[in-house]
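The values are calculated or read from the model by the stated rules, or taken from the named source; none is laboratory data. This is a predicted model, so every value here is computed, not measured. Here Cβ is always computed from backbone atoms with ideal geometry, including for glycine, and neighbour counts include all displayed protein chains.
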Ligand code: PEP
Ligand code: MN
């Protein structure tokens with residue numbers, strides 16, 4: 001480890017090289033905002049797998065702004081969610097908001113998600129550091145890059161090296177979009193940390209028609225993948241319907257993202273990222 005005074009020695013780019021080119025991980029994650037039923041998650045899993053997805057996302061514990069809105073089906077849904085993913089060769093991504101939820105679902109999940117509202121939940125981050133499954137850490141909706149990386153550092157400090165950062169948009173002055181997707185976060189964070197960075201164009205925009213273009217923008221900026229809300233009947237989705245795309249669109253989007261990644265990787269030979277880091 002470097003002796004410099006970085007505030008986040010484990011997450012720092014000075015600690016480890018950022019994998020690039022074909023060594024860089026690629027996360028093509030899709031699925032519903034909420035797991036709604038066994039039938040729903042099985043049919044979505046099939047579509048995500050057919051589109052070339054790597055992971056199936058779905059919330060069983062939903063962090064809703066209003067306590068009167070659907071809060072998710074709870075831990076019992078994780079069993080058939082996990083079966084649906086496995087039957088289709090996908091890994092399971094699901095959110096936990098506290099230690100009790102972590103205990104309830106961790107055996108059924110491949111990747112644990114920390115949502116934007118819990119990026120500052122330090123007891124949760126510490127608990128996720130003690131277990132050994134990868135964690136998708138979403139950026140707090142008003143978090144600076146430094147706060148974001150320091151939150152990841154909490155997990156790394158527990159000995160869990162598998163943290164994936166997720167840019168999911170920040171609050172802005174314009175309510176036309178749900179959030180302002182900060183695509184700059186991808187190259188900016190890439191210069192600061194070796195951790196993989198994915199982008200959530202669904203929560204980042206809140207608008208179905210913006211999901212594909214912003215997924216492409218994220219990939220062009222050098223992201224390690226995306227997490228997209230998709231449903232077989234998006235208009236009927238119980239949560240986040242307005243930003244949920246049809247699973248029928250996924251294959252086209254994933255193929256585009258892979259092509260964009262190819263273009264970006266070809267460019268690696270021209271401008272090395274190391275040169276950029278020296279001036280960052
Ligand atoms: C989600 O992924 O379903 C979610 C609630 O995301 P965020 O925490 O980014 O709002
Ligand atoms: Mn959602």
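Within segment 189-209, residues that are closer than 18 Å to residue 30 by Cβ reach partners that are more than 16 Å from ligand 1 (Cβ to nearest atom) and part of a loop (DSSP other than H, G, I, E, B) with beta carbons closer than 7 Å, at six or more positions or on different chains, in the pairs 196/25; 196/224; 197/224; 198/224. Selection within segment 110-139: residues that are in a loop (DSSP other than H, G, I, E, B) and touching a strand residue (DSSP E or B) at 6+ places or on another chain (Cβ under 9 Å). The member of this set that is surrounded by the most Cβ atoms within 10 Å (Cβ to Cβ) is 139.
Within segment 220-246, the set of residues being at negative phi and away from ligand 1 (no atom under 16 Å from the Cβ) comprises 220, 221, 224, 232, 233, 235, 236, 246. Taken over segment 249-264, the criterion of being surrounded by fewer than 17 Cβ atoms within 10 Å (Cβ to Cβ) and in contact with a strand residue (DSSP E or B) (Cβ under 9 Å, 6 or more places away or on another chain) is satisfied by 258 alone.
Determine the pairs where a residue that is under 24 Å from residue 70 (Cβ atoms) and at pLDDT 95 or above, located within segment 236-259, has a partner that is near ligand 2 (Cβ under 10 Å from one of its atoms) and in a helix (DSSP H, G or I) with Cβ atoms under 8 Å apart, the partner being 6 or more residues away or on another chain. Short answer, once both residue conditions are applied: 240/202; 240/203; 243/202; 243/203; 244/202; 245/202. One residue stands out in segment 32-46 among those that are more than 16 Å from ligand 1 (Cβ to nearest atom) and part of a helix (DSSP H, G or I): the one that is nearest to residue 90 (Cα to Cα), namely 45. Quick check on segment 47-62: of everything there that is part of a loop (DSSP other than H, G, I, E, B) and within 16 Å of ligand 1 (Cβ to nearest atom), which residue is farthest from residue 237 (Cα to Cα)? Going through the qualifying residues, I end up with 53. Does segment 66-82 include one or more residues that are crowded, with 19+ Cβ neighbours inside 10 Å, more than 16 Å from ligand 2 (Cβ to nearest atom) and assigned to a loop (DSSP other than H, G, I, E, B)? No, the conditions are met nowhere in segment 66-82.
Residues of segment 151-197 that are out of contact with any strand residue (DSSP E or B) (no Cβ under 8 Å at 6 or more places or on another chain) and closer than 18 Å to residue 18 by Cβ: 153, 161, 184, 187, 188, 191.
Among the residues of segment 62-74, is there at least one that is over 28 Å from residue 253 (Cβ atoms), in contact with a strand residue (DSSP E or B) (Cβ under 6 Å, 6 or more places away or on another chain) and without any contact (Cβ under 8 Å) to a residue 40 or more places away in the chain? Within segment 62-74, none of the residues are over 28 Å from residue 253 (Cβ atoms), in contact with a strand residue (DSSP E or B) (Cβ under 6 Å, 6 or more places away or on another chain) and without any contact (Cβ under 8 Å) to a residue 40 or more places away in the chain. Residues in segment 140-149 that are farther than 23 Å from residue 65 by Cβ and either in contact with a helix residue (DSSP H, G or I) (Cβ under 9 Å, 6 or more places away or on another chain) or surrounded by 17 or more Cβ atoms within 10 Å (Cβ to Cβ) (or both): 145, 149. Which one of these does residue 213 not meet: (1) more than 16 Å from ligand 1 (Cβ to nearest atom); (2) surrounded by fewer than 22 Cβ atoms within 10 Å (Cβ to Cβ); (3) under 16 Å from the mean Cα position of the chain (by Cα)? It fails just one condition, (3). Of the residues screened, residue 198 is one that is within 16 Å of ligand 2 (Cβ to nearest atom) and within 20 Å of residue 229 (Cα to Cα). Considering 244, 205, 239, which residue is within 16 Å of ligand 2 (Cβ to nearest atom), over 17 Å from the mean Cα position of the chain (by Cα) and either closer than 25 Å to residue 23 by Cα or surrounded by 15 or more Cβ atoms within 10 Å (Cβ to Cβ) (or both)? 239 is the lone residue from the list that is within 16 Å of ligand 2 (Cβ to nearest atom), over 17 Å from the mean Cα position of the chain (by Cα) and either closer than 25 Å to residue 23 by Cα or surrounded by 15 or more Cβ atoms within 10 Å (Cβ to Cβ) (or both). Against the list (1) in contact (Cβ under 8 Å) with a residue 24 or more places away in the chain; (2) within 22 Å of residue 253 (Cα to Cα), the condition residue 17 fails is (2).
The number of residues in segment 17-30 that are within 16 Å of ligand 2 (Cβ to nearest atom) and in contact with a helix residue (DSSP H, G or I) (Cβ under 6 Å, 6 or more places away or on another chain) comes to 1.
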